[in-house]
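To start, the structure itself, in structure tokens.
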Amino acid sequence: MWGFLVRLEWILCLSSALAVMANFGDNLPRINQTHLTPSQLKNRKEGLQIKGSEFTLEGFPFRILSGTVHYFRVPRRYWWDRLLKLKACGFNTLTTSIPWNLHEPTDNDFYFTGTRNFEDFIHMASQVGLWVILCPGPYIGSDLDLGGLPSWLLKDQRMKLRTTYKGFTRAVNRYFDQLIPKVVPLQYTKGGPIIAVQVENEYGSYNLDRRYMPYVKEALVTRGIEVLLMTADSGPELRKGHIKNVLVTVHQKGVNQETYQELASIQGASPIMMMVYTAASFDTWGQLRKYRDPQMLKRDVTEMFKLKFSLNFYMFHGGTNFGFMGGATILHTYLPVVTSYDYMALLREEGEYTPEYTVYQEYFNSILELPMPLQPDRPESTSYKSVIPLHFLPLWDILDFLELPFESIKPISMEMLPVHQSYGYILYETYISKDGILYSRGHVQDRAQVFLNGQLIGVLDHSTDHLSIKKNKPYQKRQLLRILVENQGRLASGEDMNTQRKGLTGDIYLNNSPLRKFVIYSLDMEPRIIRRLFRKSWRPISKHVQGPAFFYGILKVGEPKDTFIKMEGWTKGVVFVNGENLGRYWKKGPQETLYLPGPWLHSGTNEIVVLEEQRAGQEIKFLKYPYLGP
């Protein structure tokens, strides 16, 4: 806490007004913003502006108190609930981002309906009384696969992401031509709730092309974005990510005395917006869960209010990395993000209130005068009776029902397949005729199970680059070698994003000879593959079954409610319920339960399909509460 107080002491030098505010101590005057809500401001003349060291809205001083909620991490049926809880806590603004890879998952195919209808989400925010800060990208970060960029961009071997490389800007322009016309009518000046738009995200830490940020700004403005623009960077990178005449906001990471000196030298006396304030982070597989210090968080927020900061809680509600949307990071080694994006936020993954929610609600009520909606009830959850899978289907049995495999002399990555694949698994088949050592030489991205004649030999990954292979059928000259590779998530940030192709990204060697003549199967685990499973005859389970295999069970439900699946006794895989991909589970933790939203269940029969990579358990358990790690 001492380091943060030192930083705050330094801020007092930036403005005499801040020094005056600091003298109020704990007796802060209440801030009345009851007249500054979407429903009250019908006659709009002047949106969010910068007047000296504060924001104004329609000429009135305005303090931004925002919380981040991602529509793509929350079931659509719960959007209203989460937004109402944001408002009921005392927040006046929603911050949300738009992931490009969700809306253009394949080249030139755009989707903006159903769960991807961000316009509905923003309209709901306005209806509950929230303003909106929108982050439309093209890059948003947010711990997503490739930071929300679509992986088909990497089909171009020369691609330079987040630069003015023509292949990238051509794709951005086409995407923005579809996206921005949907954003324009939602702006404050058009009667909508969007009061500000963030240009890209944390570009100062990337900073590969000084022409790039001005390009993104122009791409937004020329398509009709006219509300306040802002950039967001961590302390040391403020100037690198800055654009002329665009407000600089600060991410908590790396903030020190020099940060505010730099901020003042860039834009003089201006309001300070802590665009990302958090005391926790995302979790990664195989690591201990990250916890926050709620007392320190509360003290920091109190100090920031004394000094007239505006701030954004990242995250107010984290939600879930459903399917394969989660990304990865590097901290000495490659670390994939877990399925839950609980983030130790003020609302838990399933929308349950935390004790901290109540603490902040009481604090905000003590310093803000805002119209507060009725607080929604706590979500109902339940523990259903365990499901015992009675049938299974080996992965090898479904290969005939997939699209035609691709034949290649050399291994190629997911992104380079003719069908283009973004997520899931990819299978490589070839034949060998001798024993030896199989070397990956760094070309396995990210985790490969190696099978010889159907028998598991071992795993190649970022920490294991070779395996010993001994023919298990000596009488056969040619032995079938299968390499099943899982994409565990592309890096969400950093210069290495340009190299994030998945599968086998180069040659695999047996001794010193590269393997050749591959048959390659795309196993992206999209709904069409799950549907095709039922074209085959499932086998009854009579004894222990070793993966990779699909397991099938039926869950009978009366009234659908939220629940949590616990794969106790299972090893590693993916769970599908009624065709919805809940995400990955992995015995190594820390996460031990998968969130199953009630709206994804039916009254009556519900189909559960589990893809287990290795050793299967005997039952699928359902708990009333989550367990995300010790």
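The values are calculated or read from the model by the stated rules, or taken from the named source; none is laboratory data. For clarity, every value in this text was computed on a predicted model and none was experimentally measured. Cβ: placed from backbone, ideal geometry, glycine included. Neighbour counts: every protein chain shown. We work out accessible area using only protein heavy atoms, side chains counted, and drop any ligands, DNA or RNA first. Shrake-Rupley method; radii C 1.70, N 1.55, O 1.52, S 1.80 Å.
Test residue 464 against the criterion of being among the β-branched types (Val, Ile, Thr), open to solvent by less than 30 Å² (accessible area, probe 1.4 Å) and modelled with pLDDT of 95 or more, and give yes or no.
Against the criterion (among the β-branched types (Val, Ile, Thr), open to solvent by less than 30 Å² (accessible area, probe 1.4 Å) and modelled with pLDDT of 95 or more), residue 464 does not qualify.
Read through the list (1) open to solvent by 10 Å² or more (accessible area, probe 1.4 Å); (2) assigned to a strand (DSSP E or B); (3) within 22 Å of residue 293 (Cα to Cα), then give the number of the only condition that residue 329 fails.
Every listed condition holds for residue 329 apart from (3).
Quick grid of which residues meet (1) within 23 Å of residue 393 (Cα to Cα); (2) of a type in the set (Phe, Trp, Tyr); (3) not in a loop (DSSP other than H, G, I, E, B):
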{"position": "463", "(1), (2), (3)": "no, no, no"}
{"position": "467", "(1), (2), (3)": "no, no, yes"}
{"position": "485", "(1), (2), (3)": "yes, no, yes"}
{"position": "521", "(1), (2), (3)": "yes, yes, yes"}
{"position": "525", "(1), (2), (3)": "yes, no, no"}
{"position": "529", "(1), (2), (3)": "yes, no, yes"}
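Can you name the residue in the stretch 388-408 that is assigned to a loop (DSSP other than H, G, I, E, B) and not aliphatic (A, V, I, L, M) and is also surrounded by the fewest Cβ atoms within 10 Å (Cβ to Cβ) among such residues?
Ranking the candidates gives 403 first.
Yes or no: the stretch 133-152 includes at least one residue that is out of contact with any Pro (no Cβ under 6 Å at 6 or more places or on another chain) and without any contact (Cβ under 8 Å) to a residue 60 or more places away in the chain.
no
Give 316, 305 a once-over and let me know the one that is in contact (Cβ under 8 Å) with a residue 40 or more places away in the chain, assigned to a helix (DSSP H, G or I) and open to solvent by less than 40 Å² (accessible area, probe 1.4 Å).
One residue alone meets the criteria, 305.
Filter the stretch 498-515 for residues that are touching a Pro at 6+ places or on another chain (Cβ under 6 Å) and assigned to a loop (DSSP other than H, G, I, E, B) and give the result.
507
Given the criteria exposed (fewer than 15 other Cβ atoms within 10 Å of the Cβ), at pLDDT 95 or above and among the basic types (Lys, Arg), does residue 385 qualify?
yes
For every residue, the table says whether it meets (1) part of a strand (DSSP E or B); (2) among the hydrophobic types (A, V, I, L, M, F, W, C); (3) at pLDDT 95 or above; (4) closer than 20 Å to residue 491 by Cβ.
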{"residue": "410", "(1), (2), (3), (4)": "no, no, yes, no"}
{"residue": "430", "(1), (2), (3), (4)": "yes, no, yes, no"}
{"residue": "450", "(1), (2), (3), (4)": "yes, yes, yes, no"}
{"residue": "457", "(1), (2), (3), (4)": "yes, yes, yes, no"}
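Need at least 1 residues that are of a type in the set (Val, Ile, Thr), on the phi > 0 side of the Ramachandran plot and over 26 Å from the mean Cα position of the chain (by Cα) per element, so show me which strands (runs of 3 or more DSSP E) inside the stretch 550-630 make the cut, counting only ones lying wholly within it.
Per the criteria, no element qualifies.
So how many residues does the stretch 501-535 have that are open to solvent by 60 Å² or more (accessible area, probe 1.4 Å) and among the basic types (Lys, Arg)?
5
Looking at the structure I just gave you, is residue 81 buried (at least 16 other Cβ atoms within 10 Å of the Cβ), out of contact with any Phe, Trp or Tyr (no Cβ under 9 Å at 6 or more places or on another chain) and farther than 20 Å from residue 200 by Cα?
In short, yes.
Among the residues of the stretch 288-302, are any polar (S, T, N, Q), out of contact with any Phe, Trp or Tyr (no Cβ under 7 Å at 6 or more places or on another chain) and modelled with pLDDT of 95 or more?
no
Restricting the stretch 432-448 to residues that are in a strand (DSSP E or B) and more than 27 Å from the chain's Cα centre (by Cα), which is surrounded by the fewest Cβ atoms within 10 Å (Cβ to Cβ)?
Among those residues, the one meeting the criterion is 437.
Provide a single number: the residues in the stretch 510-561 that are more than 25 Å from residue 626 (Cβ to Cβ) and β-branched (Val, Ile, Thr).
Within the stretch 510-561, residues that are more than 25 Å from residue 626 (Cβ to Cβ) and β-branched (Val, Ile, Thr) number 5.
Do we have residue 105 as at pLDDT 95 or above and in contact with a Gly (Cβ under 9 Å, 6 or more places away or on another chain) here?
no
Within the stretch 139-168, work out how many residues are among the polar types (S, T, N, Q), under 17 Å from residue 206 (Cβ atoms) and open to solvent by less than 20 Å² (accessible area, probe 1.4 Å).
2
With the requirement that a residue be open to solvent by 40 Å² or more (accessible area, probe 1.4 Å) and either among the hydrophobic types (A, V, I, L, M, F, W, C) or closer than 21 Å to residue 289 by Cβ (or both), what does the stretch 592-625 give you?
Correct list: 592, 600, 621, 623, 624, 625.
Where the second residue is among the aromatic types (Phe, Trp, Tyr) and crowded, with 22+ Cβ neighbours inside 10 Å and the first is closer than 18 Å to residue 54 by Cβ and lies in the stretch 263-277, which pairs have Cβ atoms under 7 Å and are six or more apart or on separate chains?
271/55; 272/309; 274/309
Which one of these does residue 589 not meet: (1) closer than 26 Å to residue 145 by Cα; (2) of a type outside the set (A, V, I, L, M, F, W, C); (3) open to solvent by 10 Å² or more (accessible area, probe 1.4 Å)?
For residue 589, the failing item is (3).
So which pairs qualify, if the first residue must be in the stretch 236-247 and farther than 14 Å from residue 198 by Cα, the second must be in a loop (DSSP other than H, G, I, E, B) and small (Gly, Ala, Ser), the Cβ gap must be under 6 Å, and the two must be at least 6 apart or on different chains?
Cβ pairs passing all conditions: 236/254.
Regarding the stretch 539-552, can at least one residue be identified that is under 29 Å from residue 140 (Cβ atoms), open to solvent by less than 20 Å² (accessible area, probe 1.4 Å) and small (Gly, Ala, Ser)?
No, there is no match, as no residue in the stretch 539-552 is under 29 Å from residue 140 (Cβ atoms), open to solvent by less than 20 Å² (accessible area, probe 1.4 Å) and small (Gly, Ala, Ser).
Run down 490, 482 and say which single residue is touching a residue at least 24 places away in the same chain (Cβ under 8 Å), in contact with a Gly (Cβ under 7 Å, 6 or more places away or on another chain) and of a type in the set (Lys, Arg).
Result: 490 is the single residue among 490, 482 that is touching a residue at least 24 places away in the same chain (Cβ under 8 Å), in contact with a Gly (Cβ under 7 Å, 6 or more places away or on another chain) and of a type in the set (Lys, Arg).
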